[in-house]
Each structure stands twice: as structure tokens, then as C-alpha cells.
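Participant: Got a structure for you, questions after.
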Amino acid sequence: MADKNKILSAEQEAALRKPIDDAVGAVQAKIDALRKDGTDRVIEIQDALDNLKRDRIYTAQEKETRRAQLKKELEQAKAVEAKNKGEIAQLIAQGESAIKANYSAYYQAVKASSAEEIALAKEKYQAALAKLAQEHQETVSKLSDHQEIKDENYVYKNRRFDAKMQLAKDIQDAKDRRHAAVTHKFHLIDLLRMSKFTPAESMSQRWENYKYSFNLRNFLLRNGLYIAIAVIFIALCILTPIVKNGMQLLTVQNVLNILQQASPRMFLALGVAGLIMLAGTDLSIGRMVGMGMTAATIVMHKGINTGGVFGHIFDFSGLPVVARMILALVVCIVLCTIFTTIAGFFTAKFKMHPFISTMANMLVIFGLVTYATKGVSFGAIESNIQNMVIPKLGGTFPSIILWAVAAVIIVWFIWNKTTFGKNLYAVGGNPEAASVSGISVFAVTVGAFILAGILYGFGSWLECIRMSGSGSASYGQGWEMDAIAACVVGGVSFTGGIGKISGVVTGVFIFTALTYSLTILGIDANLQFVFSGIIILVAVMLDCLKYVQKK
């Protein structure tokens with residue numbers, strides 16, 4: 001039972017808060033007087049100097065005269081600020097002491113009141129439900145017509161819903177009251193210190209805001225899949241030593257192996273993430289990897305190639321190794337970019353769905369590469385190239401991870417700090433509105449495909465070096481599913497305009513780690529597709545639920 005005596009009225013709460021407000025208010029008045037010709041004047045003059053730079057009314061000479069005058073006034077204001085600094089610091093300490101002395105009793109009373117208000121609201125809700133049920137039973141007992149009974153059931157359902165909404169409102173009002181008591185403390189500190197909080201205070205504010213806005217349903221929609229995957233990994237870590245005679249899954253070497261395998265795939269996921277941001281996709285990634293691997297192996301092949309392209313045998317062994325590495329990278333990027341640009345052009349120009357344009361690319365690329373090379377594998381590349389491009393630092397750390405980190409940083413910068421990146425979000429969210437705003441939807445779409453092609457080319461080049469060659473048309477089959485799935489699991493929405501680079505990185509690591517763990521555990525490769533499929537299905541379901549909720 002709720003204790004109504006603990007519930008504060010507005011007047012009682014104001015009376016509890018009055019000693020704090022009076023004490024801090026008196027101190028604040030003295031601080032404001034000291035800051036008037038000091039700190040406040042410094043801020044005012046600095047704003048005036050900034051505005052003067054953009055002001056086109058004055059001539060250059062008038063600007064210089066005005067600037068000199070403002071700088072002179074600024075020096076005077078800073079002198080006043082420095083003179084009053086010690087006294088202001090003492091007054092701030094006095095104000096903070098007043099808050100510490102009086103705030104705890106005030107907050108604890110409001111917190112207890114809020115808890116009792118919530119308990120009372122729940123009691124009222126249960127009483128309202130019981131009353132509605134009784135009234136409903138009495139009404140139904142008097143009715144005989146089927147339609148009338150149906151209408152009464154409908155009315156009863158609506159009344160229960162109204163009672164539930166009233167409960168939610170009452171609980172939210174109680175939470176608002178407690179939250180206001182917490183934020184009032186930081187408001188007073190904000191006035192005293194001019195928005196300068198300690199790290200602990202900033203963390204406390206963030207934690208309070210998180211608790212205040214926390215919603216279990218939304219939390220599960222955002223993080224339910226990650227929680228489930230974490231549980232799966234924990235289970236795998238427990239099962240592996242049992243099944244594999246003491247072999248540990250969570251070791252430094254295994255983590256490095258996962259990161260090493262994930263690194264080339266990171267380029268592919270980052271590329272397709274931009275297309276998913278535009279509510280599209282790319283089905284040709286795997287075939288582009290095969291094409292890039294084949295081209296890179298041919299250029300960096302050890303000696304004369306054993307296979308030919310359209311019957312021609314290539315021999316790049318006369319070029320320096322470094323030149324062959326650079327040439328292979330350029331060839332991979334150019335080939336992949338040509339095909340992604342074609343798909344991007346058809347998508348943007350003819351409003352063709354990327355599913356169709358990239359599926360056509362997939363078929364064309366696989367057909368051309370297989371026909372040109374007769375489907376053969378081109379063997380190994382020069383043995384020293386791997387140590388030159390992706391050496392193991394300290395003998396254990398795979399430097400290929402650093403290439404992936406660099407790619408993540410660059411794409412993050414493009415997405416978040418460039419006009420193209422902001423336009424990408426705008427076009428993905430609402431292409432019609434973006435077009436009306438003056439954004440070229442065509443340019444943004446083609447640009448996203450070009451960026452994807454560059455990343456595909458770089459990723460296939462790195463994969464070729466990681467695997468020491470062995471390029472063939474069939475290499476990379478199914479990689480498009482891994483890349484797309486990583487983006488979806490990482491929160492890049494197929495509805496467009498929603499996604500973060502951190503989510504893409506998380507998705508790649510999740511899928512690579514899951515595949516690696518299941519392989520170590522001895523799970524059949526075909527069953528691994530089942531796990532991947534279930535994860536994709538759940539991820540897209542959660543994404544759709546979030547989209548429906550938003551709508």
C-alpha cells in the first residue's frame with residue numbers, strides 16, 4: 001500500500017527547495033556583479049571580434065580601427081576578470097557548500113514521494129480495472145443480443161486501454177518530478193561555474209538522462225540481437241574446451257586470427273553500407289572479389305602466368321615488385337569501379353532497383369572472367385609481397401588489421417565530415433526531399449557506387465595478398481551475403497538514411513567471429529549457413545519493427 005503521507009505537494013517541495021535556491025541565489029547575485037565587467041564583458045567582446053571578421057559594412061581601415069579598440073577593451077576586461085577570479089572562486093565554493101548541505105534532504109524527500117506516487121498510481125490502476133470488470137459483467141448480464149454484447153466488449157477494451165494510458169501518464173509524471181529534482185542541482189552548478197562540470201558530474205548527468213529515458217522495449221529492439229549473439233559466444237566459449245579436449249576459444253591468437261580474416265571483408269562491408277544507406281544493395285560483391293583476385297594474382301604472379309586471359313599469357317615478372325603491387329592495386333580498383341559505376345548509372349538514371357542492376361553485374365562479371373580465364377586458378381604471387389604489404393608486427397600482430405582501421409577512419413570521415421556524406425544520409429532518408437533541397441540524387445547515387453567500387457578493389461587486392469594469390473573467377477562466392485548481413489546486423493537500415501560506421505564494424509566482427517568459432521567447434525559448413533540465415537532474419541525483423549514503430 002502506498003503511503004500518501006510521503007507524497008509531497010507542490011508547496012511542500014518548493015519549501016524544501018527554498019533554502020537551496022535562496023543560498024545559491026544570494027551567492028549567484030554577487031558572482032554576476034563581479035562577472036559583469038570581467039568574464040561577461042570578455043565573452044561579449046570576443047563575440048564582437050568574431051562578428052567583425054564576417055562584417056562587410058566596414059572598410060578594411062575601419063575594421064582595423066574597430067579591432068584595435070575592441071582588443072584594448074578586451075585587455076581591460078581580462079584584467080578585471082583576473083582581479084575578481086579569486087573572489088569568484090571563493091563564492092562558487094560557498095555556493096557549492098550550500099548545495100551539498102541542503103540538497104540531499106530535498107532530493108531524498110522528492111525521490112521517496114516519487115516512489116509513493118508510482119505505487120499509488122498502480123493501486124489506482126488495479127482498482128480501476130476491478131471496477132471496469134465489475135461494470136462490464138453487470139452490463140453483459142443484462143444483454144441478450146449478440147451485436148450488443150460485441151459492442152460492449154469493444155467499449156470495455158477501450159476503457160481498459162484508457163486506464164492503462166492513465167497509469168503510464170501518472171508514472172511518467174512521478175518520474176518527471178524526480179528527474180527535475182536531479183537536474184535542478186546541475187542547473188545551479190551550471191550557473192555558478194558557467195557550464196564547467198567535472199568528469200564525474202558529466203558522467204552522473206549522462207547516467208541520469210539514460211535512466212530517465214530508458215525504455216525496455218526500445219532497448220531490446222536496439223540491442224536484443226547483440227545480447228543473443230553474446231550469449232551464443234559465451235556458450236561457444238564454454239562448449240569448445242569440453243568438445244575439443246581443453247582447447248580454448250577465447251585466446252589472443254584466435255582473436256588476432258578473427259581480426260585478420262575480418263580485415264579484407266571490412267572493405268566490402270564499408271562499400272555496400274553506402275548503398276544500403278540509399279535503400280539499395282549489391283549482389284555482385286563476391287564476383288568482384290573473384291575478378292579482383294584474379295587480376296591481382298596475374299599481375300603479382302611468381303614468374304610467367306600458367307593460365308591466360310582470352311588466350312593471352314601475361315608476364316609481369318620484368319617489373320619491380322613494388323611496381324607490380326601498385327599496378328595490381330590500380331587494376332583491381334579500376335575494374336571494380338567500372339562495374340559499380342555502370343550499376344550506379346542505371347540505378348540513378350533509370351530509377352532501376354540496385355537488386356537488378358547489381359545482379360546483372362554479377363552475371364556479366366562471372367561470365368566474362370570465367371570465359372576469359374577458362375575458370376582456372378592462377379597460382380601463387382611473389383612470396384615476398386605478403387611480408388612487404390601485410391607483415392606480422394612483432395612476429396604475431398597481423399598488420400592487415402591496420403589497413404582495415406585506416407579504411408574505417410577514412411569512410412567514417414567521408415560519411416560524417418563531408419558534404420557528400422551528409423547528402424548520402426539525406427538522399428537515403430528521403431530522395432524527393434533531398435532533390436527539392438538542391439541535392440543531386442544522381443550524383444550522390446553514382447558517387448556511392450564509385451566509393452563502393454574503390455573499396456571492393458582495395459579489399460580484393462588485400463585478400464589476394466593475404467591468401468598469397470590463388471585468384472580465380474569462383475573465389476569470393478557468397479561474400480556479398482556476408483557483407484550485406486554484417487551491415488544489417490550492424491544497424492544499417494534497408495529503409496535508407498540510417499546507419500553508423502561503428503555498426504558496420506561490429507557486424508563484420510560478429511559474422512567473422514561466429515564463422516571462425518563454429519569452424520573451430522567442428523560445425524559443418526552447411527549448418528553455419530543456417531546460423532547466419534537466422535541472424536539475418538532476426539536482424540531484419542528488428543529493423544522492420546523499429547521502422548514500423550517510427551512510422
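The values are calculated or read from the model by the stated rules, or taken from the named source; none is laboratory data. Only a predicted model underlies this, so the values are computations on that prediction, with no experimental measurement involved. Here the Cβ positions follow ideal geometry from the backbone for every residue, glycine too, while neighbour counts run over all protein chains shown.
Participant: If we scan region 521-533, do we find a residue that is outside any helix (DSSP H, G or I) and in contact with a strand residue (DSSP E or B) (Cβ under 9 Å, 6 or more places away or on another chain)?
Facilitator: Initial filter on region 521-533 (outside any helix (DSSP H, G or I)): 522-524.
With in contact with a strand residue (DSSP E or B) (Cβ under 9 Å, 6 or more places away or on another chain) added as a condition, the list becomes none.
The answer is no; no qualifying residue exists.
Participant: If you don't mind, there's one more thing I want to ask. Suppose the filter is over 18 Å from LEU462 (Cβ atoms) and among the hydrophobic types (A, V, I, L, M, F, W, C); does LEU270 pass it?
Facilitator: In short, no.
Participant: Sticking with this structure for a sec: Restricting the search to region 402-420, which residues are aromatic (Phe, Trp, Tyr) and either loosely packed, with under 13 Cβ neighbours inside 10 Å or not in a helix (DSSP H, G or I) (or both)? Give the steps one after another, and end with the answer.
Facilitator: Kept after step one, since they are aromatic (Phe, Trp, Tyr), are these residues of region 402-420: 403, 412-413, 415, 420.
Selection gives PHE413 alone.
Participant: With respect to ILE57, is the statement that it is assigned by TED's automatic domain parsing to the domain that holds LYS175 and not in a helix (DSSP H, G or I) true? Can you show your working first?
Facilitator: On the way: assigned by TED's automatic domain parsing to the domain that holds LYS175: yes; not in a helix (DSSP H, G or I): yes.
When the stated conditions are applied, ILE57 passes them.
Participant: Need pairs with beta-carbon distance below 6 Å; first residue within 16 Å of PHE345 (Cα to Cα) and within region 358-370, second buried (at least 20 other Cβ atoms within 10 Å of the Cβ) and polar (S, T, N, Q); sequence gap 6+ or separate chains.
Facilitator: Partner pairs satisfying both residue conditions: THR358/SER284; ASN361/SER284; MET362/SER284.
Participant: While we're on this one: Any idea how many residues of region 124-134 are without any contact (Cβ under 8 Å) to a residue 12 or more places away in the chain and either surrounded by 14 or more Cβ atoms within 10 Å (Cβ to Cβ) or touching a Pro at 6+ places or on another chain (Cβ under 6 Å) (or both)?
Facilitator: Qualifying residue count for the region: 0.
Participant: Check ALA105, ALA121, ALA89 and return the single one that is part of a helix (DSSP H, G or I), loosely packed, with under 15 Cβ neighbours inside 10 Å, hydrophobic (A, V, I, L, M, F, W, C) and without any contact (Cβ under 8 Å) to a residue 60 or more places away in the chain. Even if it seems obvious, please write down each step before you answer.
Facilitator: Numbers: ALA105 fails: without any contact (Cβ under 8 Å) to a residue 60 or more places away in the chain; ALA121 fails: loosely packed, with under 15 Cβ neighbours inside 10 Å.
Going through ALA105, ALA121, ALA89 in turn, the sole match is ALA89.
Participant: Looking at this structure, is GLU75 more than 41 Å from the chain's Cα centre (by Cα) and touching a residue at least 24 places away in the same chain (Cβ under 8 Å)?
Facilitator: Values: more than 41 Å from the chain's Cα centre (by Cα): yes; touching a residue at least 24 places away in the same chain (Cβ under 8 Å): no.
Taking the combined requirement at face value, the residue does not satisfy it.
Participant: Given the structure, is SER399 of a type in the set (Gly, Ala, Ser), over 24 Å from the mean Cα position of the chain (by Cα) and crowded, with 19+ Cβ neighbours inside 10 Å?
Facilitator: Values: of a type in the set (Gly, Ala, Ser): yes; over 24 Å from the mean Cα position of the chain (by Cα): yes; crowded, with 19+ Cβ neighbours inside 10 Å: no.
Judged against the criteria, SER399 is not a match.
Participant: Now a separate question. Just checking, does region 31-42 include any residue being surrounded by fewer than 17 Cβ atoms within 10 Å (Cβ to Cβ), within 25 Å of LEU74 (Cβ to Cβ) and touching a helix residue (DSSP H, G or I) at 6+ places or on another chain (Cβ under 7 Å)?
Facilitator: Start the filter on region 31-42 by keeping residues that are surrounded by fewer than 17 Cβ atoms within 10 Å (Cβ to Cβ), which leaves 32-33, 36-37, 40.
Then keep just the ones that are within 25 Å of LEU74 (Cβ to Cβ); that gives 32-33, 36-37, 40.
Imposing the further condition that a residue be touching a helix residue (DSSP H, G or I) at 6+ places or on another chain (Cβ under 7 Å) reduces the set to 37.
Within region 31-42, one or more residues are surrounded by fewer than 17 Cβ atoms within 10 Å (Cβ to Cβ), within 25 Å of LEU74 (Cβ to Cβ) and touching a helix residue (DSSP H, G or I) at 6+ places or on another chain (Cβ under 7 Å).
Participant: Okay, next question. So which of VAL488, VAL508, VAL530 is under 30 Å from THR294 (Cα atoms) and either in contact with a Phe, Trp or Tyr (Cβ under 6 Å, 6 or more places away or on another chain) or free of Cβ contacts under 8 Å to residues at least 24 places away in the same chain (or both)?
Facilitator: On the way: VAL488 fails: either in contact with a Phe, Trp or Tyr (Cβ under 6 Å, 6 or more places away or on another chain) or free of Cβ contacts under 8 Å to residues at least 24 places away in the same chain (or both); VAL508 fails: either in contact with a Phe, Trp or Tyr (Cβ under 6 Å, 6 or more places away or on another chain) or free of Cβ contacts under 8 Å to residues at least 24 places away in the same chain (or both).
Answer to the check: VAL530.
Participant: Return yes when GLY274 is in a helix (DSSP H, G or I), small (Gly, Ala, Ser) and closer than 26 Å to TRP403 by Cβ and no when it is not. Please lay out each step first, then the result.
Facilitator: On the way: in a helix (DSSP H, G or I): yes; small (Gly, Ala, Ser): yes; closer than 26 Å to TRP403 by Cβ: yes.
Yes; evaluated as a whole, the condition is true for this residue.
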